[in-house]
Amino acid sequence: IRRPPRSTPKPSSAASDVYKRQALSGLLAASRFLFGMAKDSLLPDSMSETNNKFETPHWAIIITAITMAISILTLPVKDVAKLASGFQIMVIVALNVSVIILRADSEKDYWYKPTFKSPLFPWVQVIGTIAGGALILIMGEKALYGALAAIAIGVSTYFIYGKQNYKLTIPKDE
């Protein structure tokens, strides 16, 4: 009995598979923000619960998936891309500002002892902050709305929930 030759996947199905995998990895990466904030008591503990079988933060993933689905279904694709890009650039700007603040005040914070010295500190971070802000402005108002929404959501989450629930835990020297 002769079998017909196996067909190779069509480029469109391969591209579709890559797109699905990229979407899943983006979803899992985005849910890490909620998971990390819950671990630091800045969101309810349920966001840091992990699934027994898969060991993934299921509530953080579900909430992130619902939020992404609503955005994708109700907004044009170009706007979703600009909002997401604006948010990611805002995260990088926040990281640069955080490094400047932590490194500048590290003498009085005995718990913060960085082992890595950032080259050309603080110039790399200052340039990164300015460049990130400029990128958001160049990308247009949708990216600016995404960045401002990220700031507004973060600040309001802190004042509504995080400020009263956050407990500073200082690791002990080993």
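The values are calculated or read from the model by the stated rules, or taken from the named source; none is laboratory data. Bear in mind that the values here come from a model prediction, so they are computed numbers and not experimental data. Here the Cβ positions follow ideal geometry from the backbone for every residue, glycine too, while neighbour counts run over all protein chains shown.
Of all residues in the range 65-79, those satisfying the criterion of being of a type outside the set (A, V, I, L, M, F, W, C) and more than 17 Å from the chain's Cα centre (by Cα) are THR74, PRO76, LYS78, ASP79. Condition first: surrounded by 10 or more Cβ atoms within 10 Å (Cβ to Cβ), free of Cβ contacts under 8 Å to residues at least 12 places away in the same chain and more than 26 Å from LEU148 (Cα to Cα). Now tell me which residues in the range 69-119 satisfy that. Of everything in the range 69-119, those that are surrounded by 10 or more Cβ atoms within 10 Å (Cβ to Cβ), free of Cβ contacts under 8 Å to residues at least 12 places away in the same chain and more than 26 Å from LEU148 (Cα to Cα) turn out to be ASP105, SER106, ASP109, TYR112. Checking the stated criteria, THR115 turns out not to satisfy the condition of being among the β-branched types (Val, Ile, Thr) and in a helix (DSSP H, G or I). Here TRP123 fulfils each of the conditions (1) closer than 30 Å to LYS78 by Cβ; (2) at pLDDT 90 or above apart from (1). Going by what's in this entry, would ALA60 be described as under 20 Å from the mean Cα position of the chain (by Cα), closer than 24 Å to GLY146 by Cα, modelled with pLDDT of 90 or more and in a helix (DSSP H, G or I)? It is true that ALA60 is under 20 Å from the mean Cα position of the chain (by Cα), closer than 24 Å to GLY146 by Cα, modelled with pLDDT of 90 or more and in a helix (DSSP H, G or I).
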